[in-house]
Every structure is written in structure tokens, then in C-alpha cells.
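Every number here is computed from the coordinates shown, using simple stated rules; none is lab data. This structure is a prediction, so every number in the text was calculated from the model and none was measured. Heads up, the Cβs are rebuilt from the backbone with ideal geometry, glycines too, and the neighbour counts pull from every protein chain shown.
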Amino acid sequence: MTNFLSHLDISLLRAVHHHRIVALDQALYYLSLVSSYISICLVLSVLIAAIIKKSKSLRLIFYKMLTVLVIAALTSLLLKNVIIRERPFVTYPDIEKLSEAGSSSFPSGHTLEAFAIAVAFSIAFPRKKFIIPLFFWACLVAYSRMALGVHYPGDVAAGMVIGSLIGFFIPKLFSIKSNEQS
């Protein structure tokens, strides 16, 4: 089963990486480069709105989003240090490294963070005008990590799942805490 999954992982990566639109490489590189800044700006936009509107509910949403962002970053860092997986461009010479890449490949930290923020924001602001662009951005980040040759599809899928779970459950912990204090 492990051999099958490894074969599937590299086969899918090769399909994405070798059949990407090369003209988009620079845009995907830039997207990967700024994805964390986008997450931070989204969180800060809630803080700014809370200050301008003097809204306690928006301030609480800011704290939730900030916590999601920090937990996502810490979870990614922890998993990368516990689960050591070589980057695809290190293991497979036909995979070209087109972006910066840190240590371990598993999970995709960019994807984990993007999905954590997308899910948390979608729950906090359940409107299509927010949800559709957020998930489009998160999926584009996920795709970019494979197209740029720095992550396997399994790394990206794990980032999507773990990030989504963080984005869903961390804000719920605030609700539990609030209910206990009432």
C-alpha cells in the first residue's frame, strides 16, 4: 500500500509539474512568496475594522483569526520537524525547483495556512463574496506548491485537511470558553 501511495504521489506531481502553464510560473512564484502576507493582512483587516467600528464582536473574530494563524504556523513547523520528508526536487531529478523551499516537505505549510484562514474566515463571514475568493486563493496556493516542484500532492492534501480542521475547530474553542463564562 505504501508503494502504491508513493507511486501515486509522484505520478500526480509529475502530471501537475510537467503540464503546468510555464507562462504562469512567475505569478505562481509570487503567489507562494506573498501567501503568508495575505493571511496576515486578512487577519489585520479584521482588527482594523474592529477598531474603526468599535466592535467587540469583530475584536473577538480578530482574536480567533490570529489564533488560527499562529496555531497553523506552529502545527506546520512541528509536523515538518517530526515527519522528515525530502522535497520532490531532491529525490526526483526531473522535478525542477521553481520556488523557495525550507526543510521537510510534509505538510505544505503554505497550503495549511491558506486553508486554515479560508475556513475560519468563511465561518466568521459566511458570504459568497468572501468564501469564493478565499477558497480560490487557497486552492491556487495549493496548486502553486506542486506546480513549482516543492511539494508532493500528499503534502498539499495534508495541508488542506489539517488547515481546514484548524480553521474550523480553533474558533469553536473560543465559543466553548465564552459559554463556560456565561
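Does S164 satisfy being of a type in the set (S, T, N, Q), surrounded by fewer than 20 Cβ atoms within 10 Å (Cβ to Cβ), in a helix (DSSP H, G or I) and within 14 Å of the chain's Cα centre (by Cα)? Spell out how you get there, then give the answer.
On the way: of a type in the set (S, T, N, Q): yes; surrounded by fewer than 20 Cβ atoms within 10 Å (Cβ to Cβ): yes; in a helix (DSSP H, G or I): yes; within 14 Å of the chain's Cα centre (by Cα): yes.
Criteria met by S164.
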What's the number of the only condition in (1) buried (at least 16 other Cβ atoms within 10 Å of the Cβ); (2) assigned to a helix (DSSP H, G or I) that P107 fails to meet? (2)
Only residues that are in a helix (DSSP H, G or I), out of contact with any Lys or Arg (no Cβ under 9 Å at 6 or more places or on another chain), without any contact (Cβ under 8 Å) to a residue 24 or more places away in the chain and closer than 23 Å to P107 by Cα: list them for the stretch 45-90, please. L66, V70, L74, L78, N81, V82
The residue from S55, S6 that alone is surrounded by fewer than 17 Cβ atoms within 10 Å (Cβ to Cβ), small (G, A, S) and over 22 Å from S144 (Cα atoms) is S55
